[in-house]
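Down below is the structure, laid out as structure tokens.
The values are calculated or read from the model by the stated rules, or taken from the named source; none is laboratory data. Keep in mind it's a predicted model, so treat the numbers as computed, not measured. No Cβ is skipped: glycine too gets one built from the backbone with ideal geometry, and neighbour counts run over all protein chains shown.
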Amino acid sequence: MNNKEYLEKIAKDTRTNKMQQKKFLGLNLSPNTIKLLIGGAILVFVIMIFGMIFSGDGNKERDYVDKVYLRASNLISETGNYTKLVKSSQLRSMGNSLVAILTETQYAIGTSLKEDFGAKSLEKPNKEKTKTDEDAVMVEYLETLENGRLNGILDRVYTREVAYQIGMLISAEQDAYTRTKKDNLRTALEKSMTNLDTLYNQFNEFSAE
């Protein structure tokens, strides 16, 4: 092969390579390079998805348990004051039963937080947002009860709002129950949900004048 033929071969190979290149994100890249980039992007995407799914799952479980503990604690401390003010003796009895159930739940959940999750302070949840959200729920709850008292319809408002809070607590307990495999915690949650469900029905069936 003379020099002319050699140079023509190089030119031909160069033209062939250029024809095989494709535009990708504004760049001229070969098909193999594009495949590698796409494969790498897919791999990164998969890793990100798995990271989102599995990162902090243990903490998520703790968050649900924190929510149950704080909700029970808040209802114990805040509901009692209005239970004393309702006119119906039956309603007061139901309110006292609620406090008794919540006190048992609070103790069992608090024990689990200490033993299963290593919580150092039960009043300080894993996420500060959990406490902020629960405090906001209680503020709204108390404002509604206070408005009922001021308008002379506390029994009616108390019946409705307490039933709603019980329903919300049962929902939070169900969330925690489905996310934990800790036997003691599951037993405590199951007992609490059963007792609260009975009381929930009593409040819903009660007719306040």
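A few remarks follow.
- Test for A119: is it over 19 Å from the mean Cα position of the chain (by Cα) and among the small types (G, A, S): no
- Residue in the stretch 192-208 that is surrounded by fewer than 19 Cβ atoms within 10 Å (Cβ to Cβ), out of contact with any strand residue (DSSP E or B) (no Cβ under 9 Å at 6 or more places or on another chain), among the aliphatic types (A, V, I, L, M) and part of a loop (DSSP other than H, G, I, E, B) present: yes
- Criterion (among the β-branched types (V, I, T), in the same structural domain as N74 (by TED's automatic domain parsing) and surrounded by fewer than 19 Cβ atoms within 10 Å (Cβ to Cβ)) met by exactly one of T105, T111: T111
- Among the residues of the stretch 80-104, those that are assigned to a helix (DSSP H, G or I) and of a type in the set (A, V, I, L, M) comprise L91, M94, L98, V99, A100, I101, L102.
Yes or no, residue by residue, for (1) within 19 Å of L189 (Cα to Cα); (2) not in a helix (DSSP H, G or I):
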| position | (1), (2) |
| --- | --- |
| L113 | yes, no |
| G118 | yes, yes |
| D135 | no, no |
| Y141 | no, no |
| G152 | no, yes |
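- The residues of the stretch 84-116 that are out of contact with any helix residue (DSSP H, G or I) (no Cβ under 8 Å at 6 or more places or on another chain) and among the basic types (K, R) amount to a single one, K114.
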